[in-house]
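Here is the structure we will look at.
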Amino acid sequence: MTLRGSIPALVTPFRAGDGDLDETALGRLAERAVNHGASGVVVCGSTGEAAAMTADEQARAIRAVGEAVGNRVPVIAGIGAACTQAAMAMAAAAERCGASALLCAAPPYVKPSQEGMRAHLRAIGSATGVPIILYDVPSRVGVRFDDETIARLFEDGVIVALKDATADLARPASLRRLCGTELQQLSGDDATALAHLAMGGIGCISVTANVVPALCAAMQNAWSEQDFGQAAQLRDWLVPLHQALFMEVNPVPVKGAMGLLGLCDWKPRLPLVRASDTVLAALERILRGLMLVEHSLGRSMAHRKHDVKGRSVEDPEGARSVLVHGSSVAEMGDVLFR
């Protein structure tokens, strides 16, 4: 599996009335993300409130996303459980529901050793035939994978990629020394996503890409096309949104942003509560200008087609970039900075 570019970690919409999983809205979010340039989607991750979902709801969510995107991009299912046997069952269920890959974190709360985490990942790998992306997120699970542990998991064929949510920008080079270029390194931190590319990464599993998938994809594409000036400008435009989306614990603010945009209900499940009025006001102010650019860029990217591995393929009628076929850099600057 080849991973790259911007991969939104999708929020999970729940219905306003009864709080049940809103599969229709989730499918629309997945479709919007892919049409706006996403090269993959994550479902039932931490941004997707998987910890607050039943096993049946997670299965329904994976199927809904798979039906929405078809084989255009990989559908990556989050796997997180304190019990290894439970994680193995989740992995097997995700594969049956059509997941292309799994995003596996260390067991939360129990704080296992490095050897315990290796054994946990090996057990998950034995339960499924789909590729595993290791998710290193110490802020959520309380432990961090050592670089040497990651290298051993990769050398043993247990994992194919890493989502690194530590924001440690020295790490990509360290892992390249240990694993070579074959280990696919993805950022899990929007604020440092471009810097992660500069240090050897290949993409980002993103919270912000829920809100502005086309802008996040455009930044990744600009870097891969060596248009570093454009990539830096897009990075700078996204900074206020990155900051606002982490004013409160994820996914509370991003759910608020999606609600403001009318894309889904903005309430998370308890024990999380909706974003504060202060956060919503900040998001509304930022989105007022930013969404003008997102819509223009999204219309351009909607013409792109994807092959089964998620790579953009030639589309004679499509647009390479809104900076060529849509708003100019100066026009977008006027929108964002006036």
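The values are calculated or read from the model by the stated rules, or taken from the named source; none is laboratory data. Small disclaimer: the values here were computed from a predicted structure and weren't measured. Here Cβ is always computed from backbone atoms with ideal geometry, including for glycine, and neighbour counts include all displayed protein chains. Accessible surface is based on the protein model in full, side chains and every heavy atom, while ligands, DNA and RNA are left aside. Shrake-Rupley method; radii C 1.70, N 1.55, O 1.52, S 1.80 Å.
Any residue in segment 223-235 that is in contact (Cβ under 8 Å) with a residue 12 or more places away in the chain sitting within a Cβ distance under 7 Å of a residue that is of a type in the set (G, A, S)? List the pairs, counting only those 6 or more apart or interchain.
Partner pairs satisfying both residue conditions: W223/A231; Q230/A222; A231/A222; L234/A218; L234/A222.
Could you list, in sequence order, all residues of segment 47-82 that are in a loop (DSSP other than H, G, I, E, B), open to solvent by less than 30 Å² (accessible area, probe 1.4 Å) and under 22 Å from V254 (Cβ atoms)?
Matches in segment 47-82: T47, G48, E49, M53, V73, P74.
Please go through segment 14-31 and pick out each residue that is within 17 Å of the chain's Cα centre (by Cα), open to solvent by less than 40 Å² (accessible area, probe 1.4 Å) and not aliphatic (A, V, I, L, M). It would help to see each step written out before you state the result.
Within segment 14-31, the first condition is being within 17 Å of the chain's Cα centre (by Cα), and the residues that meet it are 26-31.
Within this subset, residues satisfying the condition of being open to solvent by less than 40 Å² (accessible area, probe 1.4 Å) are 26-27, 29-30.
Of everything in segment 14-31, just one residue is within 17 Å of the chain's Cα centre (by Cα), open to solvent by less than 40 Å² (accessible area, probe 1.4 Å) and not aliphatic (A, V, I, L, M), namely G27.
Could you check I124 against (1) open to solvent by less than 10 Å² (accessible area, probe 1.4 Å); (2) in a helix (DSSP H, G or I); (3) free of Cβ contacts under 8 Å to residues at least 40 places away in the same chain; (4) not basic (K, R) and say which number it fails?
Single failed check for I124: (3).
Looking at segment 127-146, which of its residues are surrounded by fewer than 16 Cβ atoms within 10 Å (Cβ to Cβ) and in contact with a helix residue (DSSP H, G or I) (Cβ under 8 Å, 6 or more places away or on another chain)?
Selection gives G129, D146.
Take the residues of segment 201-221 that are outside any helix (DSSP H, G or I) and of a type in the set (A, V, I, L, M, F, W, C): which is most open to solvent (accessible area, probe 1.4 Å)?
Kept after step one, since they are outside any helix (DSSP H, G or I), are these residues of segment 201-221: 201-207, 211-212.
Narrowing further to those that are of a type in the set (A, V, I, L, M, F, W, C): 202, 204-205, 207, 211-212.
Values: I202: 58, C204: 4, I205: 4, V207: 15, V211: 0, V212: 0 Å².
Filtering first and then ranking leaves I202.
With the requirement that a residue be within 10 Å of the chain's Cα centre (by Cα) and small (G, A, S), what does segment 176-190 give you?
S187, G188 - these are the residues of segment 176-190 that are within 10 Å of the chain's Cα centre (by Cα) and small (G, A, S).
Can you tell me which residues in segment 222-242 are closer than 19 Å to R4 by Cβ, assigned to a helix (DSSP H, G or I) and either open to solvent by 10 Å² or more (accessible area, probe 1.4 Å) or in contact with a Cys (Cβ under 9 Å, 6 or more places away or on another chain) (or both)?
Matches in segment 222-242: W223, S224, F228, Q230, L234, R235, L238.
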